[in-house]
Amino acid sequence: AVPATTAMFAKLNIDDKLAFLWYAYTELGRTITPAAPGKANLQLMEDIFNQIKRMSHEEQTQLMRDLATNADTPISRSYAYFGVNAKLGFWWQLGEWMKQGIVAPMPIGYQMSSEVKAVLEAVQKIDQSQQITVLRNTVVDMGFDPTQASTT
Ligand code: 45D
């Protein structure tokens, strides 16, 4: 179930990927308290969070699209260094801030596509530890890792 669901996610377009994460966060993320990131990551993450808080809503949305498209930006490069739980914790924080309006919220009246709905339904059918594995798989390859980037 985990590989099949991860594969469904991988086929989504970029906006649908972000929308899926958002709904996964609102449905499954409510009860989660991420562990504090390791000391090495903490300072880096704090710097990035401070930058994000100073950005316009347009810049914040662009940043999240850049992560999801593996665009080569300084924040995308830093993100690639995080451990997988730190990556989840990073998205979780952005989700919290979207809820609070610190980061650009979802557009009012946003309707998820049928593709997003299908992935969400697949995720809701598996148990919680498998859900977390799927979520890890969705965020682990985001960001820009120069050692993994293709030359095309
Ligand atoms: O205008 O440390 C669209 C544990 C459309 C263990 C859009 C754990 C057009 C300990 C593109 C949709 C396993 C518990 C706009 C951790 C449009 C530990 C924008 C796990 C504006 C970490 C959409 C933690 C946007 C877990 C911007 C499982 C969407 C954490 C943004 C899970 C979506 C966290 C965001 C999740 C989603 C966070 C920010 C799923 C965040 C999701």
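The values are calculated or read from the model by the stated rules, or taken from the named source; none is laboratory data. None of these values were measured; they are calculated from a predicted model. In this analysis, Cβ positions are derived from the backbone assuming ideal geometry, glycine residues included, and neighbour counts consider all displayed protein chains. To get the accessible areas, we keep the full protein, side chains included, count just its heavy atoms, and leave off ligands, DNA and RNA. Shrake-Rupley method; radii C 1.70, N 1.55, O 1.52, S 1.80 Å.
Tabulated results
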read-out	value
Failed condition for residue 117, given (1) more than 15 Å from residue 23 (Cα to Cα); (2) open to solvent by 20 Å² or more (accessible area, probe 1.4 Å); (3) of a type in the set (Lys, Arg)	(1)
Selection within region 112-127 - free of Cβ contacts under 8 Å to residues at least 24 places away in the same chain and not in a loop (DSSP other than H, G, I, E, B)	114, 117, 121
Any chance residue 149 is at pLDDT below 95, part of a loop (DSSP other than H, G, I, E, B) and among the aliphatic types (A, V, I, L, M)	yes
For residue 135: the one exception among (1) open to solvent by 40 Å² or more (accessible area, probe 1.4 Å); (2) under 16 Å from residue 25 (Cα atoms)	(1)
One residue from 41, 85, 50 being open to solvent by 50 Å² or more (accessible area, probe 1.4 Å) and in contact (Cβ under 8 Å) with a residue 40 or more places away in the chain	85
Filter result (open to solvent by less than 70 Å² (accessible area, probe 1.4 Å), more than 11 Å from the ligand (Cβ to nearest atom) and in contact (Cβ under 8 Å) with a residue 60 or more places away in the chain) within region 9-38	9
Any hit, region 29-40, residues being part of a helix (DSSP H, G or I) and either at pLDDT below 95 or farther than 27 Å from residue 133 by Cβ (or both)	yes
Flag if residue 65 is part of a helix (DSSP H, G or I), touching a Phe, Trp or Tyr at 6+ places or on another chain (Cβ under 7 Å) and open to solvent by 30 Å² or more (accessible area, probe 1.4 Å)	no
Residue in region 47-56 that is assigned to a helix (DSSP H, G or I), of a type in the set (Asp, Glu) and within 13 Å of the ligand (Cβ to nearest atom) present	no
Only one of 107, 3 that is assigned to a helix (DSSP H, G or I) and without any contact (Cβ under 8 Å) to a residue 40 or more places away in the chain	3
Among (1) crowded, with 19+ Cβ neighbours inside 10 Å; (2) over 17 Å from residue 29 (Cβ atoms); (3) of a type in the set (D, E, K, R), the one test that residue 72 misses	(1)
